[in-house]
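The values are calculated or read from the model by the stated rules, or taken from the named source; none is laboratory data. No experiment lies behind these values; they were computed from the predicted model shown. When we count neighbours, we look across all protein chains shown, and the Cβ atoms used for this are built from the backbone with ideal geometry, even at glycine.
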Amino acid sequence: MKRIKVISLLLGLSLTNIGLVDVANAGVKIWTADELEKKEAQKANAEETGYWLNKNTYVWKNGDKYEGEWGNEWGNPSNKWQEGYGIYTYASGDRYEGEWRRGKKRGTGTYYHTSGNRYEGEWDNDNQNGIGTFYWANGEKYVGEFEDGNRTGEGTYFFANGDRYEGFFDNGKLHTDRYEGEISTYYFKDGRIYKGEFQNGFFSGNAKYFYPDGGTYKGEVNEYGQLHGYGKYIDKNGAVYEGVWKNNYLQ
C-alpha cells in the first residue's frame, strides 16, 4: 500500500514540489496553492460586487439587478454571464427586457427609461443596432435604422406637432448626402410637402415644395425651409414667379 503524506494546503505548498506520490487513482482532486488563491480571489470579488438572490437572480451592490437565463465558462461554472432572455433593472429605475449574449444586450429587446421614453428593437454589443422604434414621452416617435445607439440610416420621424419626416439620418440628425443623391421628404401638418436636402438637422440646398392648393416651388431654400436663393414658384392658376427669393419673398 502506498503511503500518502497529508500536507496542510494552508501552507501554500505544491504537492509536485515535494515529490508526493500520484493520488489520481484515488479520485481525489488536489488543489495547488495557486488554484486555491485564485478561487479565494473569485469568491471575494463576487462578494464585493454583489450577491445571488436565487439561482436566476443576481443583485449588484450599486442596486442593479438581473433576473433571467445565464451562461458560464466551460469548466468554470462560477464564471457566469447573462445569456438568453433576461430582465435587467438599473438602480436608476431604467429597465431592459430582452435577449443577451455573453453578458451584453444582443438580439431583440425593449429598454424602458424612467422618463417615459422607450426603445423597442434590435441590439448588438450592448447598443441599439439594427431596426427599432423609439418612443418619446411627449408623443414623438422614430421608426427605422440605428447604429451604436444613434438614429443613422433610413427612417421615419413623427413629430409631436403633427409633422413627419421620411428619409435619411446621421448620428440622430436629419441629414442627406448630396453626393449620393439622397433626398428626404418632410410633411408639414398644414399640408405642405418638402422634398429635398437636409444638413445636420436643417433644411438645405435645393428642394421642391408641393402646396395643398396645387402650387409648386423648385429652387433653393434656407436652413428653416424658407424659399431663399434662386427658384421658381408656380401658383395654382399657372402664374409663374421666378427669380431670387429671400425668406419666402421674391426680390
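From the list 111, 119, which residue is farther than 26 Å from residue 61 by Cβ, among the hydroxyl-bearing types (Ser, Thr, Tyr) and surrounded by 19 or more Cβ atoms within 10 Å (Cβ to Cβ)?
Within the list 111, 119, the selection yields 119.
What single numbered condition from (1) hydroxyl-bearing (Ser, Thr, Tyr); (2) modelled with pLDDT of 50 or more; (3) surrounded by fewer than 14 Cβ atoms within 10 Å (Cβ to Cβ) fails to hold for residue 57?
(3)
Hey, can you tell me all the residues within region 108-133 that are in a strand (DSSP E or B), farther than 20 Å from residue 65 by Cα and not hydrophobic (A, V, I, L, M, F, W, C)?
Result: 120, 121, 122, 124, 128, 129, 130, 132, 133.
Which condition breaks for residue 124 when tested against (1) surrounded by fewer than 17 Cβ atoms within 10 Å (Cβ to Cβ); (2) touching a Phe, Trp or Tyr at 6+ places or on another chain (Cβ under 8 Å); (3) among the acidic types (Asp, Glu); (4) within 26 Å of residue 79 (Cα to Cα)?
All conditions pass for residue 124, except number (2).
Which one of these is of a type in the set (Asp, Glu) and either touching a residue at least 12 places away in the same chain (Cβ under 8 Å) or under 30 Å from residue 188 (Cα atoms) (or both): 73, 145?
Residue meeting the stated conditions: 145.
Condition check: over 30 Å from residue 123 (Cβ atoms) and modelled with pLDDT of 95 or more. Does residue 231 satisfy that?
Yes; evaluated as a whole, the condition is true for this residue.
If residue 176 meets every condition in (1) assigned to a strand (DSSP E or B); (2) crowded, with 20+ Cβ neighbours inside 10 Å apart from one, which number is that one?
It fails just one condition, (1).
Condition test on residue 89, is it exposed (fewer than 15 other Cβ atoms within 10 Å of the Cβ), closer than 21 Å to residue 60 by Cα and modelled with pLDDT of 95 or more?
No, not satisfied.
Quick test for you: out of 189, 195, 218, pick the one residue that is assigned to a strand (DSSP E or B) and more than 22 Å from residue 153 (Cα to Cα).
218 is the lone residue from the list that is assigned to a strand (DSSP E or B) and more than 22 Å from residue 153 (Cα to Cα).
Could you list all residues from region 52-69 that are of a type in the set (D, E, K, R), out of contact with any Leu (no Cβ under 9 Å at 6 or more places or on another chain) and more than 16 Å from residue 84 (Cβ to Cβ)?
Matches in region 52-69: 61, 64.
Residue pairs, Cβ under 9 Å, 6 or more apart or interchain, first in region 199-226 and farther than 16 Å from residue 237 by Cα and free of Cβ contacts under 8 Å to residues at least 60 places away in the same chain, second assigned to a loop (DSSP other than H, G, I, E, B) and among the aromatic types (Phe, Trp, Tyr). List them.
Once the first residue is farther than 16 Å from residue 237 by Cα and free of Cβ contacts under 8 Å to residues at least 60 places away in the same chain and sits in region 199-226, its partners that are assigned to a loop (DSSP other than H, G, I, E, B) and among the aromatic types (Phe, Trp, Tyr) give 202/224; 203/224; 225/188.
Within region 62-79, identify whether any single residue is modelled with pLDDT under 85, among the charged types (D, E, K, R), assigned to a strand (DSSP E or B) and farther than 21 Å from residue 109 by Cα, and answer yes or no.
yes
Under the condition of being small (Gly, Ala, Ser) and under 13 Å from the mean Cα position of the chain (by Cα), which residue from region 92-108 is surrounded by the fewest Cβ atoms within 10 Å (Cβ to Cβ)? Outline the logic, then answer.
Start the filter on region 92-108 by keeping residues that are small (Gly, Ala, Ser), which leaves 92-93, 98, 103, 107.
Applying the additional criterion that residues be under 13 Å from the mean Cα position of the chain (by Cα) yields 98, 107.
Numbers: 98: 20, 107: 14.
Result: 107.
If I go through region 221-251 residue by residue, how many of them are more than 35 Å from the chain's Cα centre (by Cα), on the phi < 0 side of the Ramachandran plot, outside any strand (DSSP E or B) and not polar (S, T, N, Q)?
Adding up the residues that qualify gives 3.
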